[in-house]
Every structure is written in C-alpha cells, then in structure tokens.
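Heads up, the thing below is written out as structure tokens.
The values are calculated or read from the model by the stated rules, or taken from the named source; none is laboratory data. Since the structure is predicted, the reported quantities are computational estimates derived from the model, not experimental observations. Cβ placement follows ideal geometry from the backbone for every residue including glycine, while neighbour counts extend to all protein chains displayed.
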Amino acid sequence: MDKIATLEHLSDEELASKISEGARSLFEELISRYSRRLFYFLRHRTESDQDIEDLVQETFLKAFKGIDRFDPERKFSTWLYTIANREAVSHHRANKKMKHSPSGTSSLPGPEEVVIQKEESQNIWELATTLPKKEYEALWLFYAEEMPIKDIARVTKKSPITVRVLLYRARSKLAERIDKKAFSKNIAGTSPAKHKFSPL
C-alpha cells in the first residue's frame, strides 16, 4: 500500500527517469495514468474502438522501448502524445479507407473534471467528435490535457500560430453546434443547458 502511495506522488517525469534507470516495472503506473487519455486523444482517428486500442498499445510499446531517449527536463505527456500521433499517422497511411466518424463513440463519457462542468461535458465532447480531426485534436490537448500551445505544436507538428487558428475554428464551430442543439431543445420544449469553454 505504501508503494502505491509513493508512486502516486511521483510525477510522470520522475517515473520515466526511474524506468530508464532500470525500474521497468514502474511503466505499469504510466500505462494506468495514460490509457484512457490516449484513447480519447486517438478516438477521432478511426471508427473502430479495437483499432484505437491497438494504437494505444503500440504507443506504449514504442514509449517503453524508447524510454531511454526521454528527456526528463521536458514534459512526459508531450513526448508520449508525439509518439501516439506518429503511430496514428502510420496507421492512416497503412489503411487508406480509414476516416473519422462523428458517431459510433457517443456512448463514451466525456472528460468532465478537466474541461467543463461535470454534468455538461459529455454532450460537449460528443459534439466535438463532429469537428475535423486536427481541430478536435487541438481542442482535446488544450482543454482535456491542459497542454500549452507550444507543446501542442510539437505534438501535432504545427506552428504555434496554426494551433491557435485550429483552436479558434474548433471553438467557433463547436459553439455553433451547441447553439443549434440548444435551439432544437427549445423547439421540443426543453430548456437548453449553458455550455462554456475557457478562453485561450
């Protein structure tokens, strides 16, 4: 029990450093911390949940094999998401028929505690899956992962300005979808909920 408590107090970067020094079993803690988060990040890349799971596993495998190359002075999450993005690109190239889907994953719960109020976030992220892939990814990394612009740029291989443009477009389109959904609820006699995203 003490060991578990100790691990919980270690940062991702500290864990990665210990793993690279030989404590390989500690990688299970990083898998526990990032499995769900990686799944949500990659969910816009393919219609198949199984494909997403495969991408998550491949990302962890590559990270484990290359942990010695991780620079502890940088954020582990940025390094890991960069690997995930590369794996998704490779998967896309190998599967020409893959396309993002605005449906099929709507039953999944949203990341309530890190984005917006708990009771509203699921609907927000369900709507977000209808956005273009790059806009969804930028939105997820910025709000759900609370990743700074410069790190999102590194993960997505875009300039910081491009990332800001993607975020602006994503928020604008999402706001339109929320307004339309609220309007539909009004027509049906149901009061719409108020949704808010924090400004950049």
Worksheet item: Taking residue 59, is it modelled with pLDDT under 90 and buried (at least 16 other Cβ atoms within 10 Å of the Cβ)?
Response: no
Discussion item. Among the residues of region 4-17, what is the count of those that are crowded, with 16+ Cβ neighbours inside 10 Å and without any contact (Cβ under 8 Å) to a residue 60 or more places away in the chain?
Written reply: 2
Item to complete: Answer yes or no as to whether residue 44 is part of a helix (DSSP H, G or I) and not assigned by TED's automatic domain parsing to the domain that holds residue 142.
Response: no
Response to the item:
Flagged pairs (Cβ under 9 angstrom, 6 or more apart or on separate chains; first in region 121-133, under 14 Å from residue 167 (Cβ atoms); second modelled with pLDDT of 85 or more and surrounded by fewer than 19 Cβ atoms within 10 Å (Cβ to Cβ)) are 131/169; 131/173; 132/169; 132/173
